[in-house]
Amino acid sequence: MTIPGFIKVAAAVPSVRVADCSYNIAQMTALIGEAVQKKVDIVAFPELSVTGYTCGDLFGQKLLLDGAADALQSLVEQTSNLPILCVAGLPWVVNNRLYNVAVVFGQGKIYGMVPKTYLPNYNEFYEMRWFVSGADCPVQQVDFRGEVVPFGTDLLFENEALCFGVEVCEDLWVPIPPSSEMALQRATLLVNISASNEMAGKHDYLRSLIRQQSARTMSAYLYVSAGFGESTTDLVFAGNGLIAENGTILKESDRFSFEPQLTVCDVDVERMDALRRKENTFTKAGKAERRFRTIGVASFPGGDRPIDRNIDAYPFIPSEGQLMDERCNEIFNIQVNSLSQRLLRTHSQTAVIGISGGLDSTLALLVCVKTFDKLKIPRRQILGITMPGFGTTDRTYQNALNLMAALGITTREISIVPACLQHFQDIGLNPDDRGAAYENTQARERTQILMDVANQTNGLVVGTGDLSELALGWATYNGDHMSMYGVNSSIPKTLVRYLVKWVADKNDDAAVRKYLLDIIDTPISPELLPADENGQIAQKTEDLVGPYELHDFFLYYFIRFGFRPTKIFQLATLAFEGIYDSQTIQKWLKTFYRRFFSQQFKRSALPDGPKVGSVSLSPRGDWRMPSDATVTAWMQEVESL
């Protein structure tokens, strides 16, 4: 499968022999061949990989320098018929000065040489003994065996798919790395060839640097460092291959391996372009101080190829383990702090919330409880109201009552059946007509009850609707769509379930935990239609609008990056492989676009609610869309899949 915007990159860590150029390029040639077999577009080798980094004063030997040039020519020639771009390191002489150079080559051509700008000369490093900084180079091109080759720290390399820049090792460690300027000049992939030695604790710091630089520059960052075979006289090199994208490490090699390694991953440069367009502080950050020259490079071969990247089916869900615990705690506290401020600002004496026994109202209730505890307000001032109707089942009804009792809040039960029947009579609706009016009457009656009780008790109605429902318009306009503050408004359904599970796992009260776990296992339903003959839920939301895990996936890539339907579909087929077939994904993708466009009028009239993650649909900030926008172009593309 070929996905637009994906570039396959590789960090290649070869075995080296110090000062044995012939051996080194043989190892590099083998890894380039392996990379081609894996359909890699760009492969990077470590700093000074042609000679080895730890040659020391041998860098002053003309035999070694001439040997490096010969080896480079041989490497270029041996790989001339391979459809790949390569970045490697070697020493290079210009006007009797020696430079530590990254050379970009492919398909028989050397495209450019980028000299190292910042030479470390402290502690274990003494590069200034042999090399000079590329910042001081007086020339813009060099002669390589009769060919003119661009030379300098101002080079960018570009084809129709990608613009990338190259820096060398220490360049990353300075306050303003050269790659920052490259990114400002549109490079979306940054390549660093390095020979950073290992010390206790240094690796974590290095990973942090790479993550931060990729995030700050909104780029993909390909890093490769010297490995086994370098001299261990004083230093040890572990062979790091790291591939990052916008603050996330996507792939990394095994350190301290004795074998050559090729770390392969697809990076999404289209995603980086989308982020840069959207977050306009990037474009306003200023221009690079220097003018960059753009060097055209060979096109990538394209064609079908495997995707070397994990596509997370649940982009809103934190990673497992400690990060998940920290992230859930953070999200929960954002909700709690926002509700605390709203309660204090409105001088509300109570929080009024409708409790259905479903996931959304459960999470909102848990937020209320935590908020009141934090504000040192008695929980009895939380008014939980269960409002059984025509479709309420015993399971959800009992869970609602039991959970409220276990949490120690004030519980009220107000049936909506008599009021709804009276309303049906008033408007002349046959109760056997189970259309929109039948369902929406119930939702609006429940909202009216909550609003009026809030007025009675100087309270605040806490909304329970979530981000997924807002995206699909799965709410009754001026019914459950409305509240006085919506604490779940930017939390998607998939995350709601995880947050409730997180609270259950953390809760010491066995009864509370029991009810929470059963609520998690209950099918999602508005319960607006009567139960089946066995008293079970007859109206299951996901049977009607589709699986929320799919819709949340669609929503993330649609809003966060503005991807086309084709790309979202391709990503979904990879992420949900073995779970949903392509026909099912296409079916619900149609539903997503149709409902998202047609239901904007509901989102345009949303109550306040806290922003929790990078995707939000608040009409006051994150998503401003006309209610009259047409979905035609998006539906046509989905139909063509």
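The values are calculated or read from the model by the stated rules, or taken from the named source; none is laboratory data. This one's a predicted model, so the numbers in the text were calculated from it and none came from an experiment. Neighbour counts are summed over all protein chains in view; Cβ atoms, including those assigned to glycine, are modelled from backbone coordinates with ideal geometry. In case anyone asks, the SASA skips ligands and DNA or RNA and just uses the protein heavy atoms, side chains included. Shrake-Rupley method; radii C 1.70, N 1.55, O 1.52, S 1.80 Å.
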From Cα pairs below 8 angstrom and at least 6 apart in sequence, can you work out the relative contact order of the range 42-189, rounded to a whole percent?
18
Quick one: pull the percent of accessible area on the range 479-633 belonging to carbon and sulfur, 1.4 Å probe, ligands and nucleic acids left out.
47
Could you work out the Kirkwood radius for the range 265-317, taking every pair of different alpha carbons, averaging 1/r and inverting it, reported in Å?
15.1
Just to confirm the number: angle between the C-alpha axis of helix 582-598 and the first principal axis of the chain, 0 to 90 degrees, nearest 10?
60
Which value, in Å², gives the accessible area per residue of the range 562-641 when a 1.4 Å probe is used on the protein heavy atoms?
48
Anchor residue 493: lysines whose Cα lies under 28 Å away (excluding residues fewer than 8 positions away in-chain):
278, 370, 374, 501, 506, 514, 540, 567, 587, 590, 602, 611
Relative contact order, percent, the range 19-125 [alpha-carbon distance under 8 Å, six or more residues apart]:
26
The Cα radius of gyration of the range 55-155, divided by 2.2 N^0.38 Å with N its residue count, comes to 1.08
R0 = 41 Å: FRET efficiency of residue 1 with residue 29, Cβ-based, nearest 0.05?
0.90
Could you please state how large a percent of the accessible area of the range 1-150 is carbon and sulfur, counting protein chains only and using a 1.4 Å probe?
48
Could you tell me the center-to-center distance, by alpha carbons, between the range 398-464 and the range 489-520 in angstrom?
24
Where labels lie 7 Å past Cα in the beta-carbon direction, separation of residue 379 and residue 136 in nm
7.1
Helix 565-575 sits at what angle to the longest principal axis of the chain, using alpha carbons and giving 0 to 90 degrees rounded to 10?
90
Out of every Cα-Cα pair in the range 158-204, what percent are more than 12 Å apart?
65
May I ask you to give the solvent-accessible area per residue for the range 313-402, in square angstrom, as obtained with a 1.4 angstrom probe?
42
Report the equivalent ellipsoid semi-axes for the range 267-377 in whole Å, largest first, defined as the square roots of five times the eigenvalues of the gyration tensor built from alpha carbon atoms.
46, 22, 12
Provide the gained length on full extension for the span residue 22 to residue 122, in nm with one decimal, where the gain is 0.36 nm per separating residue minus the Cα-Cα distance.
32.9 nm
Using a 1.4 Å probe, what is the accessible area per residue for the range 418-525, in Å²?
42
In whole Å, largest first, the alpha carbons of the chain cover along the principal axes 99, 53, 43
Between residue 636 and residue 98, 0.36 nm times their residue separation minus their Cα-Cα distance comes to what?
187.8 nm
Heavy atoms of residue 506 accessible to a 1.4 Å probe, total area in Å² rounded to 10
120
For the range 317-462, which whole percent of the accessible surface, found with a 1.4 angstrom probe, sits on carbon and sulfur atoms?
47
Where does the range 188-277 land on Rg/Rh, using Cα atoms and the Kirkwood Rh?
1.02
So which trypsin sites (Lys or Arg not before Pro) in the range 346-433 pass both tests, a DSSP loop state and at most 11 other Cβ atoms within 10 Å of the Cβ?
376
Per-selection Kirkwood Rh - the range 386-536 (Cα, Å, 1 d.p.):
16.8
Diffusion constant of the range 535-613 at 37 °C, which comes from Stokes-Einstein with the Kirkwood Cα-pair radius and 0.692 mPa s, µm²/s
233
The alpha-carbon center of the range 1-72 and that of the range 133-181 are separated, in whole Å, by 17
So what's the angle, to the nearest 10 degrees on a 0 to 90 scale, between helix 436-456 and the longest Cα principal axis of the chain?
80
Please state the relative contact order of the chain as a whole percent: Cα pairs under 8 Å, 6+ residues apart?
11
